[in-house]
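The values are calculated or read from the model by the stated rules, or taken from the named source; none is laboratory data. Treat the numbers as computed from the prediction; the structure is a model and nothing was measured. Methodologically, a virtual Cβ is constructed for each residue, glycine included, from the backbone with ideal geometry; neighbour enumeration extends over all protein chains shown. Accessible surface is based on the protein model in full, side chains and every heavy atom, while ligands, DNA and RNA are left aside. Shrake-Rupley method; radii C 1.70, N 1.55, O 1.52, S 1.80 Å.
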Amino acid sequence: MAGLVAAAWARELGAEPLVLEKGDRAGGSMLLSSGVVWRYRSLDAFQAECPGGDRALQQEIIERLDESLEWLQSLGAPVVARETGNPRTVGQQFDSRGLTEVLLRAAGQVRIGHGLPGTEAGPESPVLLATGGFPVRLARERGLVLRANRWSEGEGLDHALARGAKTAGDLDEFYGRAMPAVGEVAERDFVRLTQLYGRYATVTSHDLAERFEGEPSWSETDLVQQIARWPEALAWYTVEQTALEERVRERTVGEMIERAREAGAPVKQEDGRISVLVRASVTQTLGGLRIDERARVVGTQDLYAAGADVGGISSGGYSSGLAAALVFGRIAAEEALSRA
């Protein structure tokens, strides 16, 4: 998202940017998401939820997201809902495919199936890294389900580090979901098969040797990270029959379990309880490049970063990756043009 946002905003400011898209389509993991772009209601709330995050970067999101959402609407981005359904947050839900198409049109020159810039960018041209972090690499190294696009391997991170960039946040920290333990999950099922009811479950490792203690956070990111540390990144979610009608967003616990069953995940029922075997997935890496409030990569010259390539915003918790991509994509465009 961040690259398309930056290009679209730069064009409105009078530039003619070039977007080099590694994948076989535009939109990255934004296209695979539920399309909700949100922020916490205040900076203090942001800090409380993500206590290890950079307060200055969090403040930019708090202050600039609302106007950025209005800008997306001005481009024609289709709004599905004007509320998030979460009392902790404010934001909007967009149709993710429609949003991608709108940004792609607004971005201008986009080359699909292309690597990092070489001769396309002149020696004085600023470069924005918006390669989606490194969820593919992390999933492979830790045996997690990939719940992101298939090409975000971390080239942006490597490119910047080779040029003296600094990192921020824990490079092992990530946002993900518990998914049915069925092997690879198709992109079209990333949202549909999510098992988001850990708060109603007893959660144990696959071998029953360990148990998650206490209440998971509202996002359940901490729970998924714990599961990722267990053998094979597997866990049993065990719920009482009485929990099946509990709602999490638009679905009940029972409906989520039934989708896991239909997908082929092991589901057991005994003594009035139902157990589902799940595996941790990774959607977005939370550690990455250190930037300042103007999206400049610390330790480099004329290098900018936005989106999941940036680390240290959500450290210790979870916040909207789409919001960060939107805000810092626009900031990067403004800063790069101010220095051109």
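Within the range 291-328, the set of residues being farther than 15 Å from residue 130 by Cα and among the hydroxyl-bearing types (Ser, Thr, Tyr) comprises 300, 314, 315, 318, 319, 320.
Out of the residues in the range 126-143 that are open to solvent by less than 20 Å² (accessible area, probe 1.4 Å) and assigned to a loop (DSSP other than H, G, I, E, B), state the one that is nearest to residue 321 (Cα to Cα). Full working, then the answer.
Within the range 126-143, the first condition is being open to solvent by less than 20 Å² (accessible area, probe 1.4 Å), and the residues that meet it are 129, 133-136, 138-139.
From the residues that got through so far, the ones that are assigned to a loop (DSSP other than H, G, I, E, B) too are 133-134.
Values: 133: 11, 134: 14 Å.
Among those that are open to solvent by less than 20 Å² (accessible area, probe 1.4 Å) and assigned to a loop (DSSP other than H, G, I, E, B), it is 133.
So in the range 162-188, with the set limited to residues that are small (Gly, Ala, Ser) and surrounded by fewer than 16 Cβ atoms within 10 Å (Cβ to Cβ), which one is modelled with the lowest pLDDT? Spell out how you get there, then give the answer.
At the first step, the residues of the range 162-188 found to be small (Gly, Ala, Ser) are 162, 164-165, 168-169, 176, 178, 181, 183, 186.
After this cut, where a residue has to be surrounded by fewer than 16 Cβ atoms within 10 Å (Cβ to Cβ) as well, the list is 162, 164, 183, 186.
On the way: 162: 96, 164: 97, 183: 80, 186: 91.
So, considering only residues that are small (Gly, Ala, Ser) and surrounded by fewer than 16 Cβ atoms within 10 Å (Cβ to Cβ), the one modelled with the lowest pLDDT is 183.
Restricting attention to the range 266-302, the residues that are basic (Lys, Arg), closer than 18 Å to residue 327 by Cβ and surrounded by 16 or more Cβ atoms within 10 Å (Cβ to Cβ) add up to 2.
If you scan the range 250-262, which residues turn out to be open to solvent by less than 40 Å² (accessible area, probe 1.4 Å) and either in contact with a Lys or Arg (Cβ under 8 Å, 6 or more places away or on another chain) or under 15 Å from residue 278 (Cβ atoms) (or both)? Scanning the range 250-262 gives 253, 256, 257, 260. Here residue 252 clears all of (1) free of Cβ contacts under 8 Å to residues at least 24 places away in the same chain; (2) of a type in the set (Ser, Thr, Tyr); (3) under 30 Å from residue 334 (Cα atoms) except the condition numbered (3).
When residue 191 is tested against (1) more than 22 Å from residue 143 (Cβ to Cβ); (2) out of contact with any Gly (no Cβ under 7 Å at 6 or more places or on another chain); (3) surrounded by fewer than 18 Cβ atoms within 10 Å (Cβ to Cβ); (4) free of Cβ contacts under 8 Å to residues at least 40 places away in the same chain, exactly one condition is not met: (4). Where strands (runs of 3 or more DSSP E) sit wholly within the range 226-340, those with at least 2 residues that are touching a Leu at 6+ places or on another chain (Cβ under 6 Å) and within 30 Å of residue 100 (Cβ to Cβ) occupy 273-282, 303-305. Report, by residue number, each residue of the range 160-192 that is more than 21 Å from residue 24 (Cα to Cα) and not in a loop (DSSP other than H, G, I, E, B). Those that are more than 21 Å from residue 24 (Cα to Cα) and not in a loop (DSSP other than H, G, I, E, B): 160, 161, 167, 168, 174, 175, 178, 179, 180.
Note on the range 230-249: residues that are open to solvent by 10 Å² or more (accessible area, probe 1.4 Å) and touching a residue at least 60 places away in the same chain (Cβ under 8 Å) total 2.
Looking across the range 322-340, just one residue is within 23 Å of residue 31 (Cβ to Cβ) and open to solvent by 20 Å² or more (accessible area, probe 1.4 Å), and that is 322. Being under 23 Å from residue 22 (Cβ atoms), open to solvent by 30 Å² or more (accessible area, probe 1.4 Å) and among the charged types (D, E, K, R) is a description that does not apply to residue 199. For the range 8-30, indicate whether the set of residues that are under 21 Å from residue 85 (Cα atoms) and not basic (Lys, Arg) is non-empty. The answer is yes, given that some residue of the range 8-30 is under 21 Å from residue 85 (Cα atoms) and not basic (Lys, Arg).
Which residue, of 290, 259, 294, 279, is touching a residue at least 60 places away in the same chain (Cβ under 8 Å), within 22 Å of residue 47 (Cα to Cα) and basic (Lys, Arg)? Quick ask: steps written out before the conclusion?
On the way: 259 fails: within 22 Å of residue 47 (Cα to Cα); 294 fails: touching a residue at least 60 places away in the same chain (Cβ under 8 Å); 279 fails: within 22 Å of residue 47 (Cα to Cα).
Criteria check complete, one pass: 290.
As a summary of the residue check, residue 310 satisfies the conditions (1) in contact (Cβ under 8 Å) with a residue 40 or more places away in the chain; (2) open to solvent by less than 20 Å² (accessible area, probe 1.4 Å); (3) out of contact with any helix residue (DSSP H, G or I) (no Cβ under 8 Å at 6 or more places or on another chain) except for the one numbered (3).
Among the residues of the range 158-191, those identified as of a type in the set (Gly, Ala, Ser) and more than 16 Å from the chain's Cα centre (by Cα) are 160, 162, 164, 165, 168, 181, 183, 186.
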